Amino acid sequence: MSEFVTLSLRAPLETSLEVEGVAADRFADLSEQGIAALPAWLGTRAAQLGDFFHVRGERSAKVRVDGPVARVHGLAAGTAGGEMLIDGDAGGSVAAGMTGGAVDVRGSVGADAGLAMAGGTLHVSGNAGDRLGAAAAGASRGMSGGEIVVAGSAGADAAARARRGLVVVCGDVGPEAARGVIAGTLVVLGRTGRDPGRGSKRGTIVAAGGISVPETYRYACTFQPPYVRLAFAYLRRRYGLVVDAAVLEGRYKRYCGDAGGPGKGEILEWIPDAR
């Protein structure tokens with residue numbers, strides 16, 4: 001048993017590599033040979049993880065991935081426990097289907113990060129692509145638990161069809177954020193793109209950097225939501241998130257919508273000039 005397992009690319013990749021089973025909890029029961037034998041696909045060619053990565057260490061639920069892995073897709077997918085550190089940019093589907101454990105990406109991630117996530121934490125130091133914490137293709141529900149924190153910006157469909165969970169984006173998000181959301185919370189410190197919260201049944205968008213509220217939402221009130229203060233205090237303690245005091249202590253316009261009568265989803269829009 002090793003203190004941790006390290007995966008290092010043998011050589012830079014010229015095309016996309018799909019991996020399966022590269023999850024910290026699974027490594028806890030595998031030898032170096034077993035880890036190296038995990039399936040991988042270079043395009044349509046079937047291969048093994050060890051064909052592309054040096055594997056050092058075995059039987060540990062602490063994993064470190066080194067090297068330029070922006071073309072490696074599926075890292076930490078299905079993780080149920082343990083810890084994985086990806087020291088740089090990663091490809092798509094990082095932590096997709098995750099149910100527990102912790103994944104820390106010291107760079108940016110591609111599309112579908114945290115897709116259909118049910119538990120655990122995903123922390124991204126850079127940007128995220130489309131469908132962050134959203135639903136898999138054809139699925140009626142997306143994220144159903146856990147936490148995703150992105151220090152940069154995210155693409156379209158962030159938290160789409162979420163059932164539960166928390167998604168925090170410190171930069172901007174693209175269009176149709178929280179589309180069809182059933183419950184859960186999306187916090188955006190930057191600008192929220194067009195058509196946020198369309199078809200929302202129950203859930204919250206906290207918009208601290210500007211938002212165009214859809215016409216299907218109605219203004220309810222202006223207040224200081226205790227939930228926002230508590231959420232930011234937790235994020236500061238858990239992830240070191242720095243939030244301006246004006247955002248933390250400010251007043252928010254509350255809008256209700258979008259699906260149903262009356263709609264039970266809400267958008268909380270920070271008022272910059274209200275102290």
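Before we move on, is Gly114 surrounded by fewer than 24 Cβ atoms within 10 Å (Cβ to Cβ) and either over 16 Å from the mean Cα position of the chain (by Cα) or not polar (S, T, N, Q) (or both)?
The answer is no for Gly114.
Return yes or no: is Arg141 in the same structural domain as Cys256 (by TED's automatic domain parsing) and crowded, with 20+ Cβ neighbours inside 10 Å?
No; evaluated as a whole, the condition is false for this residue.
Please work out which residue is surrounded by the fewest Cβ atoms within 10 Å (Cβ to Cβ), limiting yourself to the range 22-47 and to residues that are closer than 16 Å to Val94 by Cα and touching a helix residue (DSSP H, G or I) at 6+ places or on another chain (Cβ under 8 Å).
Result: Ala40.
Do we have Ala40 as in a loop (DSSP other than H, G, I, E, B) and either assigned by TED's automatic domain parsing to the domain that holds Arg237 or in contact (Cβ under 8 Å) with a residue 12 or more places away in the chain (or both) here?
It is false that Ala40 is in a loop (DSSP other than H, G, I, E, B) and either assigned by TED's automatic domain parsing to the domain that holds Arg237 or in contact (Cβ under 8 Å) with a residue 12 or more places away in the chain (or both).
Residues Pro12, Pro68: which one is outside the structural domain of Ala151 (by TED's automatic domain parsing) and either of a type in the set (Asp, Glu) or more than 24 Å from the chain's Cα centre (by Cα) (or both)?
Going through Pro12, Pro68 in turn, just one is outside the structural domain of Ala151 (by TED's automatic domain parsing) and either of a type in the set (Asp, Glu) or more than 24 Å from the chain's Cα centre (by Cα) (or both): Pro12.
How about the range 13-67: which of its residues are within 22 Å of Val105 (Cβ to Cβ) and either touching a Pro at 6+ places or on another chain (Cβ under 6 Å) or of a type in the set (S, T, N, Q) (or both)?
Thr15, Ser16, Glu20, Ser60
Only one of (1) assigned by TED's automatic domain parsing to the domain that holds Gly152; (2) surrounded by fewer than 17 Cβ atoms within 10 Å (Cβ to Cβ); (3) assigned to a strand (DSSP E or B); (4) not polar (S, T, N, Q) fails for Val103. Which number is that?
(2)
The values are calculated or read from the model by the stated rules, or taken from the named source; none is laboratory data. These figures come from a predicted structure and were not determined experimentally. Quick reminder, even Gly has a Cβ in these numbers, built from the backbone with ideal geometry, and neighbours come from all protein chains shown.
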